[in-house]
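*Asks:* Structure provided below as structure tokens; questions to follow.
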Ligand code: SF4
């Protein structure tokens with residue numbers, strides 16, 4: 001199968017050993033106009049981070065099209081309220097674009113707060129709001145005063161940067177809630193889990209592990225979150241940051257204001273999951289029983305999943321995988337997890353990785369692996385074909401690429417409904433990969449030869 005050449009402007013964001021003597025990735029920049037980036041906009045970045053606050057109202061100030069993408073398509077579960085699954089919009093029209101949308105925003109907020117009685121409200125600014133210049137913060141202040149709840153503007157105009165700027169706008173809004181609650185009953189051995197979005201119930205698994213070790217989880221930001229627990233997050237002794245691209249900014253801000261240290265963690269794959277538990281235990285080393293409990297927990301959990309993982313590995317050994325995810329930190333864990341299954345990673349990329357992330361990826365990957373920043377469908381297709389991948393791990397935007405090319409696909413993004421984190425999650429991931437890679441359907445793809453090659 002022939003492939004289309006990549007754009008000249010994109011060459012410095014793609015690393016292939018054969019045409020790069022030294023490793024120097026260009027990243028952290030705006031997407032190339034017209035390249036149809038896989039990356040989401042600033043607004044989507046904010047919405048991802050704040051979506052799992054289940055008892056808050058999420059109002060998108062803009063045209064209805066912005067809201068459509070985020071209406072209940074995410075797998076972030078709530079053990080109680082389901083308000084987060086709604087996607088309210090001010091549905092701005094031509095008249096508001098000309099004369100301003102503040103009046104409509106005020107009316108929508110009052111109506112929604114009266115109807116749903118949320119514990120807080122987030123108002124997301126979209127592209128057009130940035131262009132027409134509505135004073136969203138002033139409307140939020142007025143409604144907060146009248147209604148007696150926090151009404152927080154999220155300055156997430158889609159055009160003003162990359163998805164990372166959306167994360168930061170969300171962290172700004174979250175930080176306004178933190179520090180306003182009562183912390184008197186919080187234990188000295190306590191953490192906040194940052195950057196864990198409870199996809200398929202993952203935060204429940206992680207929380208259970210930490211609680212079994214004797215660590216109090218004050219808040220998860222954000223997964224099955226409630227406004228009240230976010231308000232008292234400043235009472236925790238440690239912040240554990242998973243999705244570092246999304247939440248490091250909040251962790252740094254909390255460290256500066258409240259003196260709470262933070263560590264990085266990943267809950268994907270056996271190796272990183274165990275490390276996340278041991279690192280927290282090491283932070284509370286003054287309480288040696290926490291380390292002992294962590295060791296027992298890891299031993300039991302690994303023993304429970306390893307036999308089936310070994311059986312799956314026998315079928316997957318030598319298969320080739322392409323990974324394209326939002327944050328590079330997840331790619332690190334996936335590479336380790338795929339190695340555990342005997343698979344080889346031939347393509348690794350992310351939407352929002354920075355220079356350090358890509359240097360780490362370069363060190364972790366086998367020689368010949370293509371590393372790509374802010375890719376588009378043509379580039380991903382090209383390297384999947386050239387590297388003869390058997391599996392694509394990505395999100396909702398990568399799924400059609402995999403299926404059109406006739407290879408297996410595993411959803412590792414926020415749209416999935418099953419947990420892939422934790423020890424149980426590793427087993428789920430292995431089962432998912434096994435099912436899709438060994439499916440007989442790929443034998444019917446006309447442009448793939450009998451031996452599976454394109
Ligand atoms: S905020 Fe802008 S870029 Fe994002 S979905 Fe809306 S119109 Fe598109």
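Read-outs: derived from the displayed coordinates by stated rules, not from any lab. The model shown is predicted, which means the values in this text are computed figures rather than measured ones. When we count neighbours, we look across all protein chains shown, and the Cβ atoms used for this are built from the backbone with ideal geometry, even at glycine.
*Asks:* For the chain, what is the relative contact order in percent, using Cα pairs closer than 8 Å and at least 6 residues apart in sequence?
*Replies:* With pairs under 8 Å counted, the relative contact order is 17 percent.
*Asks:* In nm, to one decimal, how far is the residue 295 label point from the residue 116 one, both placed 7 Å along Cα→Cβ?
*Replies:* Modelled inter-label distance: 4.9 nm.
*Asks:* If you don't mind, there's one more thing I want to ask. In nanometres, what is the gap between the two model label sites at residue 99 and residue 211, each 7 Å from Cα along Cα-to-Cβ?
*Replies:* In this crude label model, residue 99 to residue 211 measures out at 5.3 nm.
*Asks:* Now, a different point. Over the stretch 83-229, how many percent of alpha carbon pairs lie in each 5 Å bin up to the one with the longest distance?
*Replies:* 2, 8, 15, 18, 18, 15, 10, 7, 4, 2, 1, 0
*Asks:* Then there's this: Suppose the chain between residue 388 and residue 71 were pulled fully straight at 0.36 nm per residue; how much longer would it get relative to their current alpha carbon spacing?
*Replies:* 110.6 nm
*Asks:* Another question, then. Alpha carbon centre of the stretch 100-144 versus the stretch 200-219: separation in Å?
*Replies:* 34 Å
*Asks:* What Kirkwood hydrodynamic radius do you get for the stretch 1-151 when you take the inverse of the mean 1/r over all pairs of distinct Cα atoms, in Å?
*Replies:* 18.0 Å
*Asks:* How would 122, 284 line up from fewest to most surrounding beta-carbon atoms within 10 angstrom?
*Replies:* Starting with the residue having the fewest Cβ neighbours, the order is 284, 122.
*Asks:* Quick one: if you stick a label point 7 Å off each Cα along the C-beta vector at residue 302 and residue 12, how many nm between them?
*Replies:* 4.4 nm
*Asks:* P(r) for the stretch 145-247, please, calculated from all Cα pair distances in 5 Å bins and given in %.
*Replies:* Bins of 5 Å from zero give 2, 13, 20, 23, 19, 13, 7, 3, 1 percent of pairs.
*Asks:* Want the number for residue 159 to residue 257: 0.36 nm per residue separation, take away the alpha-carbon distance, what's left?
*Replies:* The span from residue 159 to residue 257 would gain 32.3 nm if fully extended.
*Asks:* Could you state the principal axis extents of the C-alpha atoms in the stretch 43-106, from the largest down, to the nearest angstrom?
*Replies:* Principal-axis extents of the stretch 43-106 (Cα, largest first): 42, 20, 15 Å.
*Asks:* Mind checking Rg over Rh on the stretch 190-299, alpha carbons, Kirkwood formula for Rh?
*Replies:* 0.94
*Asks:* In which sequence would 55, 357 go, from the one with the fewest C-beta neighbours within 10 Å to the one with the most?
*Replies:* Ascending Cβ contact count within 10 Å gives the list 55, 357.
*Asks:* Specify the inter-centroid distance of the stretch 266-320 and the stretch 357-417, based on alpha-carbon positions, in whole Å.
*Replies:* Result: 26 Å between the Cα centres.
*Asks:* What ranking, highest mean first, results for peptides 159-166, 345-352 when packing means the other Cβ atoms within 10 Å averaged over each residue?
*Replies:* The peptides rank, most packed first, as 345-352, 159-166.
*Asks:* If each residue's Cβ is checked for other Cβ atoms within 10 Å, how do 397, 330, 387 rank with the fewest at the top?
*Replies:* By the 10 Å Cβ count, ascending: 397, 387, 330.
*Asks:* Between the stretch 20-61 and the stretch 75-96, how many Å separate their Cα centres?
*Replies:* 19 Å
*Asks:* How large is the Kirkwood hydrodynamic radius of the chain, counting all unique pairs of alpha carbons, in Å?
*Replies:* 23.0 Å
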